[in-house]
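Chemist: Let me give you the structure first, and then I'll get to my questions.
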C-alpha cells in the first residue's frame, strides 16, 4: 500500500469515526433531551387545552346548550399538533363530545369511569399521555385530553434526522475540506518522500540535480511546517548533490589515476613485482608473460626467486631481504624463461614496506639481454672498422713507402738505359721499367682505392673543358691501344657541351681506368669512347670488342681484387682493383658504372653524370 | 412681519394638504358598504363546491341562482343586478373562515349567504361577532345546528331552515310512533354530527329514552371507505332504527355496508345529507351489486319534496329551474353532474326568495345596517309554501320539517299510511 494513501486513509477514517461518533452522540443526546422537553411541553399543552375546554364548556353545560358547541371546541383543538384525542363527559358521565371514530374506546371509558387521574393510557397500539381536567371542580363533568406519544416519537425522530442530516452535511463538508487539506499535505509529503527516496536510492543527482529541487520548489512556497521541511530537504539535496559531485569528481580522478598507473604498469615491458619481505609475490604485472613466458596469476603468492638462475638466487634473496627503505638497490641477475632460455635482467628494488598504500618491496625487472648483445655487436663492429682503417692506413703508408724506392728503381733503370748496353740488357731494362711502372700504377690505384674507401677522398669541382679533357684521355690511351694493335676512337655527341662542372682529375681517371680496362681485355678490334647527352644527363660510354663478361660475373667485377674470368690462373695481369676504383670514383662524382656485355662479342661500360647548368660567367 | 405671515401661510397650506391626504382615503374606506347605484348587489357565498359535500353547495347555489337569474332578467333588484360571489372552502372550517373574511374585507359583499355545513359555519360565528359593528349578516346557512340559533354570536345569523334538533325530533317521533324503542346514531365526529346526536338525544330524553348505541366517522369520509366497523358497533347495540347525521358519501357507505351485512334496520338521514346525491350513489351501487339500498330509508327535509307540485313555491321552482337551469359555480369541477331538481336547490331557491324579500324592503341603496334592520324586523314571510314561514327568532322551533321516503327513485313525502315501518 502506498504510504501516502495509508496516511491519507488513516486521517480520513479517523475523521469519519470521530466526527460520526461525535455527531451520533450529540444527535442522540440532543434528541433525548428534546424528548424530555417535548414531553413536558406536551403535558403543559394538554393541560392548557383541557383547562380551556373545561372553562369554555362550563357555560354550554350550565345552560344545557347544544352539544355541538362543545364538539366544535373538540374539533377545533383536535387540529392542534400532538393532540391524540379529546373526550368530554358531563356530570353523569355521559360523553357529550369526543374525537374518536368509530367510537370511544372501551379502555378509555373504563379508565375514565374509575375516576382516578389517568397518567398514561394505551389505546390499541398507540400510547397517549392523558390529562384530566374537571369542569367546575367536577360538578359539571371532566375533560380528558390525550397527547399522542407517537407525535413525540415523530418529533424525536424528526429531530434526530434533521440533527443527523445537519451534522452529516457539516461532516461531509469537513470531510471534503479535510480530504483536500490532507491530500495536499500528503501530496507534498509524498513528493518530499519520493525525492528523499530518489536521493537515498543513489539515483544520479548530477544528471538532474535541478529537477529534483525544482519538484520540491512549489512545496517550499508553503509557509507551514511542510514548507519548512521542503526547504530543509531541498537544501539537503543541494548540498548532497554538491558533495556527491565532488565525490564523483574525486572518484573519477582517482580512477583515471589508477587506470593510468595500471596501464603504465601493465603495458611496460618491465615486470613490476610487489613482494613481501619473504620474497612472496603479492602482485606481478602481466609483462611477466612477455618477459619470461609465465602467467602472472600462476606466480601470485609464490616465491619469485625460483625463476632466478640458481647461481644468482642467493644474491637476489639477499638483495630482497637487505633492501633498505631509503636506498633503492639494483642488481643484474639471470632468469630462466619457461622454455629454459636464460635472460639477463636488471632488477631494481625499492623498499616501500613503510608506505601504507603499497606495503611491500617493489621490484622492477628489465630484460637487458638484447641490449647487452647489441653492445657486444657494436664493439665487434668497432673492432672490425678499426682493423679496416688500420689496413687502409697500412696500405696507404705502405704504398707511399713503396713509391720512393720504386721511383729510385725506375729512375736508376732509366739512367742505366742511357748507358750503352747490349740489346739483351736494354730489353731487360725495358722490362724492369715496364714492371716497375705497372707496380706504381697498382700502388697508386690501391692508394686511391683505399683513400676512397676510407672516405678521405674529396672532390675538387671546377669548370672543365670537356672536349679537351676527352682528347687528353684519348692521347694517353692511344699508346697502349696502338701497342695491342687496336683502334681507339673518340665520339663526342653534337649536343655535348664544351664546358662541364666536375672534378677533372677524377673524371679523367675513371675514363682512363675504363679505357685501360677495355684495351686490356680486347685482343683485336676497337675500343670506342662515346660521350652524349641523354635526359639531361651526360653519358660516358666505353665500348670494346673484347672477351666479354658472363652475366653471372657482371655483378662481381666491381668487387676489389676480382677478375671476371675468376680462375686462379689469371690470363690477364693486374690486381683487379681497377674497376673497383673506377666505380668508387664514379660514385664519388655522382654516377654509377653499369655494364652490358656479351661473352665473345664485347662489353659496354657506361655511367651518367647529371648535366649541371653552368653559371652565366662561365657559360660558352 | 411679512416673513412671519408668509411662513404661517406656508405652514397652514402644508397642514391642510396633509389633512386632505389623510382624510380622503379614510372617507373612502369608512363607507365600504355604500356601493355605486348601478353596480351589482354582491352576495358572498363560501361553501363546499368541491369535496364530499360539494353536491350541497353546488345545488344550493343553482337553486338560489334560479331565482336571482329570474330577478336579474326582470330588471333586477331596484334596477341592480344581484350577484353571488362564490368561494370554495371544501367543507373545511379553516378555509371557510378565510374565505368569509376575504368576502367581507376585499370583495365588500353586502351580506353572506348559504354557507354550507355546521363545522364551517360554527367557525365563522366569532368572525361575524367581530364584525357586528358593521352589521355583517349571514343568511340561510345550510346547517341545522342549534349553535347557529341559540347562544353567543348568533344575533347576525338569519337561518331559514328548521334545525337538526327539529329534524331529529321528527325522525325520533316517527320511529317511536312506529314502535321502535332503541334508536342508535351514526354521526360525523364534529359539531354537525354532534348537533344531530344532541337532537336525537334530547328527543329521546323527552320520552325518557337514551341513545342505545352510537358510532362516528371522520369528516371527509368518501363512499369508497368502509363503514363495517360502525355497522358492527350499532348492530351490537341491537338498535331498531339508526339515525345518520352524516354527509351523503359517508351515509351512503354506511347504508351500503349495513345492507351488505344483511342488517335491514330502518335508516334515517337528516336534510343535510343531500338526498338526491345520496340516492345517486346508492343507485350506482345498486346497479353494481343488484341490491336495493333505498328500501327502509327515511330522510327528513327542511323543504317540501319537489315532487309536490301542488305547492306554489315548488311549482315556481320547477318552472324557473326548467327555464334557467343555472350553470355550475366557478369553483366547482366540470365533472360534477348537476341534478335536475333537488331538495337543496329548492332550499336555495327559497333562500333566494327570502333574500329577495329583504333586499326589496331595504330599498335601492341597501347597506349592511339596513339589511340587518329589515331582516330583524321581518317576523313572517310568505314564500309560497301554503302558509307563512315564521322567521321570528323566538319561535324558531315552529319551522316545518318534511319526512320523505324513496319511491320510484326519488324521495317523496311520507304518506300517513307509510309511517309504519314494515
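The values are calculated or read from the model by the stated rules, or taken from the named source; none is laboratory data. Since this is a predicted model, take the numbers as computed values, not measurements. A quick note on method: Cβ atoms are made from the backbone with ideal geometry, for glycine too, and the neighbour counts reach across all protein chains shown.
Chemist: Which condition does residue B:196 not pass, out of (1) facing another protein chain (nearest Cβ under 9 Å); (2) touching a helix residue (DSSP H, G or I) at 6+ places or on another chain (Cβ under 6 Å); (3) surrounded by fewer than 23 Cβ atoms within 10 Å (Cβ to Cβ), if it passes all the others?
Modeler: All conditions pass for residue B:196, except number (3).
Chemist: Please work out which one of (1) more than 8 Å from every other protein chain (Cβ to nearest Cβ); (2) part of a helix (DSSP H, G or I); (3) touching a helix residue (DSSP H, G or I) at 6+ places or on another chain (Cβ under 6 Å) is the condition residue B:202 fails and give its number.
Modeler: With (1) more than 8 Å from every other protein chain (Cβ to nearest Cβ); (2) part of a helix (DSSP H, G or I); (3) touching a helix residue (DSSP H, G or I) at 6+ places or on another chain (Cβ under 6 Å) applied to residue B:202, the lone miss is (3).
Chemist: For residues that are in contact with a helix residue (DSSP H, G or I) (Cβ under 7 Å, 6 or more places away or on another chain) and in a loop (DSSP other than H, G, I, E, B), scanning just the stretch A:523-560, find the one that is farthest from residue A:602 (Cα to Cα).
Modeler: Per the stated criteria, the residue is A:560.
Chemist: Moving on to the next point. Give A:402, A:466 a once-over and let me know the one that is surrounded by 14 or more Cβ atoms within 10 Å (Cβ to Cβ) and either touching a helix residue (DSSP H, G or I) at 6+ places or on another chain (Cβ under 7 Å) or more than 22 Å from residue A:582 (Cβ to Cβ) (or both). It would help to see each step written out before you state the result.
Modeler: Details: A:466 fails: either touching a helix residue (DSSP H, G or I) at 6+ places or on another chain (Cβ under 7 Å) or more than 22 Å from residue A:582 (Cβ to Cβ) (or both).
Going through A:402, A:466 in turn, just one is surrounded by 14 or more Cβ atoms within 10 Å (Cβ to Cβ) and either touching a helix residue (DSSP H, G or I) at 6+ places or on another chain (Cβ under 7 Å) or more than 22 Å from residue A:582 (Cβ to Cβ) (or both): A:402.
Chemist: Let me ask something else about it. Kindly provide the set of residues from the stretch B:212-227 that are in a loop (DSSP other than H, G, I, E, B) and within 12 Å of chain A (Cβ to nearest Cβ), ordered by number.
Modeler: B:218, B:219, B:220, B:221, B:225, B:226, B:227
Chemist: Would you confirm, using the coordinates I've provided, whether residue A:144 is within 20 Å of residue B:200 (Cβ to Cβ) and either within 14 Å of chain B (Cβ to nearest Cβ) or in contact with a strand residue (DSSP E or B) (Cβ under 9 Å, 6 or more places away or on another chain) (or both)?
Modeler: Details: within 20 Å of residue B:200 (Cβ to Cβ): no; either within 14 Å of chain B (Cβ to nearest Cβ) or in contact with a strand residue (DSSP E or B) (Cβ under 9 Å, 6 or more places away or on another chain) (or both): yes.
No, not satisfied.
Chemist: Within the stretch B:34-61, which residues are at pLDDT 90 or above and assigned to a loop (DSSP other than H, G, I, E, B)?
Modeler: Matches in the stretch B:34-61: B:40, B:48, B:49, B:50.
To keep it simple, each residue is scored yes or no on (1) within 13 Å of chain A (Cβ to nearest Cβ); (2) under 26 Å from residue B:385 (Cα atoms).
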site	(1), (2)
B:125	yes, no
B:128	no, no
B:131	no, no
B:142	no, yes
B:146	yes, yes
B:149	yes, yes
B:161	no, yes
B:166	yes, yes
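Chemist: Is there a residue being free of Cβ contacts under 8 Å to residues at least 12 places away in the same chain and over 60 Å from the mean Cα position of the chain (by Cα) anywhere in the stretch A:437-450?
Modeler: yes
Chemist: Sort through A:191, A:203 and tell me the only one that's touching a helix residue (DSSP H, G or I) at 6+ places or on another chain (Cβ under 9 Å), under 30 Å from residue A:249 (Cα atoms) and at pLDDT below 75.
Modeler: Just one listed residue meets the conditions, A:203.
Chemist: Also: Scan A:11, A:17 and give me the residue that is at pLDDT below 90, under 60 Å from the mean Cα position of the chain (by Cα) and closer than 30 Å to residue A:183 by Cα. Don't jump to the end; show me each part of the working.
Modeler: Values: A:17 fails: under 60 Å from the mean Cα position of the chain (by Cα).
Being at pLDDT below 90, under 60 Å from the mean Cα position of the chain (by Cα) and closer than 30 Å to residue A:183 by Cα holds for just one of A:11, A:17, which is A:11.
Chemist: Does at least one position in the stretch B:168-184 carry a residue that is within 13 Å of chain A (Cβ to nearest Cβ), closer than 18 Å to residue B:202 by Cα and in contact with a strand residue (DSSP E or B) (Cβ under 7 Å, 6 or more places away or on another chain)?
Modeler: Yes, the stretch B:168-184 contains at least one residue that is within 13 Å of chain A (Cβ to nearest Cβ), closer than 18 Å to residue B:202 by Cα and in contact with a strand residue (DSSP E or B) (Cβ under 7 Å, 6 or more places away or on another chain).
Chemist: As an exercise: evaluate residue A:455 against (1) over 60 Å from the mean Cα position of the chain (by Cα); (2) outside any helix (DSSP H, G or I); (3) at pLDDT below 85 and give the number of the one condition it does not meet.
Modeler: (1)
Every residue, every condition in (1) touching a residue at least 60 places away in the same chain (Cβ under 8 Å); (2) closer than 14 Å to residue A:43 by Cβ, yes or no:
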{"residue": "A:116", "(1), (2)": "no, no"}
{"residue": "A:124", "(1), (2)": "no, no"}
{"residue": "A:131", "(1), (2)": "yes, yes"}
{"residue": "A:135", "(1), (2)": "yes, no"}
{"residue": "A:139", "(1), (2)": "no, no"}
{"residue": "A:143", "(1), (2)": "yes, no"}
{"residue": "A:153", "(1), (2)": "no, no"}
{"residue": "A:156", "(1), (2)": "yes, no"}
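Chemist: Which condition number does residue A:102 fail, the rest of (1) surrounded by 19 or more Cβ atoms within 10 Å (Cβ to Cβ); (2) within 27 Å of residue A:63 (Cα to Cα); (3) within 14 Å of chain B (Cβ to nearest Cβ) being met?
Modeler: So the condition that residue A:102 fails would be (2).
Chemist: So residue B:317 ticks every box in (1) more than 26 Å from the chain's Cα centre (by Cα); (2) assigned to a helix (DSSP H, G or I) but one. Which box is left unticked?
Modeler: Exception for residue B:317: condition (1).
Chemist: Something else about it: If you go through the stretch B:342-361 one residue at a time, do you hit one that is without any contact (Cβ under 8 Å) to a residue 12 or more places away in the chain and assigned to a loop (DSSP other than H, G, I, E, B)?
Modeler: There is no residue in the stretch B:342-361 that is without any contact (Cβ under 8 Å) to a residue 12 or more places away in the chain and assigned to a loop (DSSP other than H, G, I, E, B).
Chemist: Just the residues that are touching a residue at least 40 places away in the same chain (Cβ under 8 Å), surrounded by fewer than 16 Cβ atoms within 10 Å (Cβ to Cβ) and touching a helix residue (DSSP H, G or I) at 6+ places or on another chain (Cβ under 8 Å), please, taken from the stretch A:40-84.
Modeler: Residue satisfying the conditions is A:81 alone.
Chemist: Now for a different question. State whether the residues of the stretch A:122-141 include one that is within 12 Å of another protein chain (Cβ to nearest Cβ) and surrounded by fewer than 14 Cβ atoms within 10 Å (Cβ to Cβ).
Modeler: No: the stretch A:122-141 contains no residue that is within 12 Å of another protein chain (Cβ to nearest Cβ) and surrounded by fewer than 14 Cβ atoms within 10 Å (Cβ to Cβ).
Chemist: Tell me which residues, restricted to the stretch A:56-92, are more than 11 Å from every other protein chain (Cβ to nearest Cβ), in contact with a strand residue (DSSP E or B) (Cβ under 8 Å, 6 or more places away or on another chain) and part of a helix (DSSP H, G or I).
Modeler: Of everything in the stretch A:56-92, those that are more than 11 Å from every other protein chain (Cβ to nearest Cβ), in contact with a strand residue (DSSP E or B) (Cβ under 8 Å, 6 or more places away or on another chain) and part of a helix (DSSP H, G or I) turn out to be A:57, A:58, A:61, A:77.
Chemist: In addition: Inside the stretch B:105-124, can you point out the residues that are surrounded by fewer than 22 Cβ atoms within 10 Å (Cβ to Cβ) and either in contact with a strand residue (DSSP E or B) (Cβ under 9 Å, 6 or more places away or on another chain) or not in a loop (DSSP other than H, G, I, E, B) (or both)? So that I can check it myself, show each step before the final result.
Modeler: Within the stretch B:105-124, the subset surrounded by fewer than 22 Cβ atoms within 10 Å (Cβ to Cβ) is B:105-108.
Hits for the stretch B:105-124 are B:105, B:107, B:108.
Chemist: For the stretch A:296-305, check the following and say yes or no: at least one residue is farther than 18 Å from residue A:343 by Cβ and in contact (Cβ under 8 Å) with a residue 40 or more places away in the chain.
Modeler: No - not one qualifying residue is present in the stretch A:296-305.
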